[in-house]
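First up is the structure itself, then whatever we jot down about it.
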Amino acid sequence: KGELLTLETMSTVEISTILEEAAQFAQGVQWRPNKELFIANLFFEPSTRTRYSFEVAEKMLGLHVLSFSEESSSVQKGESLLDTVKTFEAIGANALVIRHPENDYFQEIRERLSIPIINAGDGSGHHPTQSLLDLLTIQQEFSSFSGLNVVIVGDLRHSRVARSNAEVLTRLGAKVKIAGPKEWMKGFDTAYQHIPLDDALNESDVVMLLRIQHERHEGSMEWSKEIYHQQYGLTIEREKRMKKEAIILHPAPVNRGVELASELVDCERSRIFKQMKNGVAVRRAVVKRALSN
Ligand code: CP
């Protein structure tokens, strides 16, 4: 029914179709449904990029957008997620965009709804639209994923972006390696080679940095920000050792001076703001798909 929960169950053909549609939107193609439609954005976790790029995408598609805020909703009176989403269905939403702190939150509600859910991030589980916009950004640069060397660096254990990207990039033919503190590689180090960032720099076409998710860490971080940056971050000195055509990705928000030097956030190699721009095109394609099924 047009839902998008994870990329793991989506074929590479279907992924390519969404990327093609997104690329066309990025080049100025327009599409609008031929009837009045409503979409609700339900964010139970903070968001800037995902929330507002969905909203821009939805408005570009001519949809009526219902913006839900947990703090001023009946969730404060104890209403469950199921009753919240069923309420939006009852009042006329044609699709739901949901971000929620619980992994797989969608499993308990998807069978109880007849409208599609687009997952805008579930706990440390999945972030499919972030992966799609990362894929679009990589594709614009290198045309093909086959044989590309990608290193994913940092707080992988807590990262839904890393989980979605490592799986799909591998399936599309890229060679994915991981770098960062060993104790943050749990869940990844059996499937992907863990190497020092310094070794990865010589061979990587894409250096994908991840935000340190302080909100998902128990207790304080083991390192100071300065020590983390020197040991595991993309310093100005390390950037100079990247391959000539290699690019830097980061889903953002960025901890400047930690995952990468502040000066590198919008350096020539950085595609961080391009990723955000591509997010609108990808979300237009994903919302169109949800409403067309
Ligand atoms: N990349 C990303 O998901 O950013 P937000 O948390 O701001 O939506």
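The values are calculated or read from the model by the stated rules, or taken from the named source; none is laboratory data. Just so we're clear, the structure is a prediction, and the values are computed from it rather than from any experiment. No Cβ is skipped: glycine too gets one built from the backbone with ideal geometry, and neighbour counts run over all protein chains shown.
Points to keep in mind about this one:
- Flag if Glu111 is modelled with pLDDT of 95 or more, touching a helix residue (DSSP H, G or I) at 6+ places or on another chain (Cβ under 9 Å) and part of a helix (DSSP H, G or I): no
Let's see how each residue does on (1) crowded, with 18+ Cβ neighbours inside 10 Å; (2) at pLDDT below 95; (3) more than 14 Å from the ligand (Cβ to nearest atom):
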position: His100; (1), (2), (3): yes, no, no
position: Asp104; (1), (2), (3): no, no, yes
position: Gln107; (1), (2), (3): no, no, yes
position: Gly125; (1), (2), (3): yes, yes, no
position: Thr129; (1), (2), (3): yes, no, no
position: Leu132; (1), (2), (3): yes, no, no
position: Ile138; (1), (2), (3): yes, no, yes
position: Arg157; (1), (2), (3): yes, yes, yes
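- Residues that are assigned to a loop (DSSP other than H, G, I, E, B), more than 16 Å from the ligand (Cβ to nearest atom) and not aliphatic (A, V, I, L, M), drawn from segment 225-253: Gly233, Thr235, Lys240, Arg241, Lys243, Lys244, Glu245
- Scanning segment 267-293 for residues being of a type in the set (D, E, K, R) and within 16 Å of the ligand (Cβ to nearest atom) gives a total of 4.
- Total residues in segment 16-34, condition out of contact with any helix residue (DSSP H, G or I) (no Cβ under 7 Å at 6 or more places or on another chain) and among the β-branched types (Val, Ile, Thr): 2
- Yes/no for Arg160 being within 15 Å of the chain's Cα centre (by Cα) and either at negative phi or not aliphatic (A, V, I, L, M) (or both): yes
- Each residue in segment 29-57 was checked for being within 17 Å of the chain's Cα centre (by Cα) and not in a helix (DSSP H, G or I), and 8 of them qualify.
- Odd one out for Met10, checked against (1) hydrophobic (A, V, I, L, M, F, W, C); (2) away from the ligand (no atom under 16 Å from the Cβ); (3) touching a Ser or Thr at 6+ places or on another chain (Cβ under 9 Å); (4) assigned to a loop (DSSP other than H, G, I, E, B): (3)
- Number of residues in segment 176-224 that are farther than 24 Å from Thr235 by Cβ and either of a type in the set (A, V, I, L, M) or in a strand (DSSP E or B) (or both): the value is 1.
Here is a yes/no grid of residues against (1) modelled with pLDDT of 95 or more; (2) in contact with a Lys or Arg (Cβ under 6 Å, 6 or more places away or on another chain):
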{"site": "Leu209", "(1), (2)": "yes, no"}
{"site": "Glu218", "(1), (2)": "no, no"}
{"site": "Lys225", "(1), (2)": "no, no"}
{"site": "Gln230", "(1), (2)": "yes, no"}
{"site": "Ile236", "(1), (2)": "yes, no"}
{"site": "Glu245", "(1), (2)": "yes, no"}
{"site": "Ile248", "(1), (2)": "yes, yes"}
{"site": "Val254", "(1), (2)": "yes, no"}
{"site": "Val280", "(1), (2)": "yes, no"}
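- If you go through segment 35-72 and keep only what is within 11 Å of Arg99 (Cα to Cα), within 11 Å of the ligand (Cβ to nearest atom) and out of contact with any helix residue (DSSP H, G or I) (no Cβ under 6 Å at 6 or more places or on another chain), you end up with Glu45, Pro46, Ser47, Thr50, Arg51.
- Test: residue in segment 105-112 that is touching a Lys or Arg at 6+ places or on another chain (Cβ under 7 Å) and among the β-branched types (Val, Ile, Thr): no
- Residue within segment 248-267 that is at positive phi and touching a residue at least 24 places away in the same chain (Cβ under 8 Å) present: yes
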